[in-house]
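Asker: Input: one structure, supplied below.
The values are calculated or read from the model by the stated rules, or taken from the named source; none is laboratory data. On a predicted model such as this, the values are computed, not experimentally measured, just so you know. As a convention, Cβ positions derive from the backbone with ideal geometry for all residues, glycine included, and neighbour counts pool all protein chains shown.
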């Protein structure tokens with residue numbers, strides 16, 4: 001992301017230089033030269049905007065290398081099938097408290113891996129937590145009871161209203177966006193119970209969730225019938 005930001009700044013500086021130089025040539029009535037410079041400036045500024053948009057969108061992702069612990073989730077029961085979940089990131093200052101309905105929790109992540117020229121810009125594999133939701137163990141309840149799902153994507157304030165999403169773009173046009181090696185989603189789900197805590201890790205193969213205290217271990221054992 002740092003490399004892309006630097007590239008966007010360089011494109012912008014060069015574009016502005018071409019704008020002023022082209023304007024000067026137009027004043028001097030060197031029309032063809034001036035128009036050519038202005039056209040080049042437009043191209044450079046467009047490249048700067050595209051690079052900045054890409055770098056800003058990548059800001060919502062975290063770098064992914066090998067398996068790494070990324071978050072802890074703890075649960076407090078409010079009522080039957082009604083929980084408060086606290087998500088604490090282990091590799092950033094992100095924290096969020098949400099209410100979930102159901103018997104299980106599900107965490108979704110989006111992963112991007114790169115190849116070719118993209119790796120020259122320092123674009124290693126990246127991930128971001130996408131959303132957390134509640135699930136019902138019983139399929140009938142899942143179909144009929146109220147659902148709960150909360151987004152975990154936090155964009156910079158200046159881009160809160162920006163509609164462009166790199167993951168969606170890469171996933172939709174992966175046949176011709178050859179610098180993206182893969183754009184895929186990963187999810188994990190386990191039971192909710194009062195006092196339970198889980199640790200979430202991620203690798204190139206996806207999310208991994210493990211019980212982090214005795215309440216969670218007991219809930220998982222009961223959940224899988226042990």
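Asker: Residues of the range 116-133 being more than 11 Å from residue 186 (Cα to Cα), assigned to a strand (DSSP E or B) and modelled with pLDDT under 90, which ones?
Answerer: Within the range 116-133, just 126 meets the criteria.
Asker: Got a number for residues in the range 187-211 being in contact with a helix residue (DSSP H, G or I) (Cβ under 6 Å, 6 or more places away or on another chain) and at pLDDT below 95?
Answerer: Qualifying residue count for the region: 0.
Asker: Among residues belonging to the range 85-115 that are in contact with a strand residue (DSSP E or B) (Cβ under 8 Å, 6 or more places away or on another chain) and either assigned to a loop (DSSP other than H, G, I, E, B) or not assigned by TED's automatic domain parsing to the domain that holds residue 139 (or both), point out the one that is surrounded by the most Cβ atoms within 10 Å (Cβ to Cβ). Before you say what the answer is, go through the steps one by one.
Answerer: From the range 85-115, those in contact with a strand residue (DSSP E or B) (Cβ under 8 Å, 6 or more places away or on another chain) are 85-92, 94-115; that's our starting set.
Subset that is either assigned to a loop (DSSP other than H, G, I, E, B) or not assigned by TED's automatic domain parsing to the domain that holds residue 139 (or both): 90-92, 94, 102-103, 115.
Numbers: 90: 13, 91: 12, 92: 12, 94: 16, 102: 24, 103: 20, 115: 12.
Residue satisfying both the conditions and the ranking: 102.
Asker: Does residue 77 count as closer than 20 Å to residue 185 by Cβ, modelled with pLDDT of 90 or more, touching a strand residue (DSSP E or B) at 6+ places or on another chain (Cβ under 9 Å) and in a strand (DSSP E or B)? If you could, list the steps in order and put the result at the bottom.
Answerer: Details: closer than 20 Å to residue 185 by Cβ: no; modelled with pLDDT of 90 or more: yes; touching a strand residue (DSSP E or B) at 6+ places or on another chain (Cβ under 9 Å): yes; in a strand (DSSP E or B): yes.
The answer is no for residue 77.
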